[in-house]
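> Here's a structure for you.
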Amino acid sequence: MNVGQKIKEIRESQNVSMNSLAKRCEVSQANLSRIESGQQQPAFDTLERIIAALGFTLIDFFSTDNSELEPDLKHLSIIIRTLSIEQRRALLVFLEQMKK
């Protein structure tokens, strides 16, 4: 999967429109569309802004640790990365309670 495809996958999994993401990262919607379709490679600073707007660090974005995960677990992993620390803690408590 290339960078553009990954951006699109994450954006769609977060139910974020292309227009909304473009505004958040101060990139034109046309440029974001070209990046997602693989027609254009983003400059480093542009890529960094897009990734940050999706709630990821560069390390998280390029990490391949979850490539072996089932699709539903991969989707959960993407969503969890966008949560604040407090939200992650609350989710953990909730999940622990579900196990019981």
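The values are calculated or read from the model by the stated rules, or taken from the named source; none is laboratory data. Since the model is a prediction, treat every value here as computed from it, not as a measurement. Don't worry about glycine lacking a Cβ; one is built from the backbone with ideal geometry, like all the others, and counts go over all protein chains shown.
> Can you go through Glu26, Glu86 and tell me which one is surrounded by fewer than 15 Cβ atoms within 10 Å (Cβ to Cβ), over 17 Å from the mean Cα position of the chain (by Cα) and acidic (Asp, Glu)?
Glu86
> Hey, another quick one. Of everything in region 7-56, what is touching a Gly at 6+ places or on another chain (Cβ under 9 Å), without any contact (Cβ under 8 Å) to a residue 60 or more places away in the chain and among the β-branched types (Val, Ile, Thr)? Give them in sequence order.
Ile35
> Within region 29-44, which residues are crowded, with 17+ Cβ neighbours inside 10 Å and charged (D, E, K, R)?
Glu36
Conditions tested, residue by residue: (1) at pLDDT 90 or above; (2) of a type in the set (D, E, K, R).
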residue: Lys8; (1), (2): yes, yes
residue: Glu12; (1), (2): yes, yes
residue: Lys23; (1), (2): yes, yes
residue: Asn31; (1), (2): yes, no
residue: Glu36; (1), (2): yes, yes
residue: Gln41; (1), (2): yes, no
residue: Ile50; (1), (2): yes, no
residue: Asp60; (1), (2): no, yes
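> Now, a different point. Which is farther than 13 Å from Arg11 by Cβ and of a type in the set (Asp, Glu), of Glu36, Glu86?
It is Glu86.
> Being outside any loop (DSSP other than H, G, I, E, B), among the small types (Gly, Ala, Ser) and farther than 18 Å from Phe61 by Cα is the filter here, so list the residues in region 11-40 that pass it.
Result: Ser20, Ala30, Ser33.
> How about region 1-23: which of its residues are surrounded by 12 or more Cβ atoms within 10 Å (Cβ to Cβ), under 20 Å from Ile80 (Cβ atoms) and not charged (D, E, K, R)?
The answer is Ile7, Ile10, Ser13, Gln14, Val16, Leu21.
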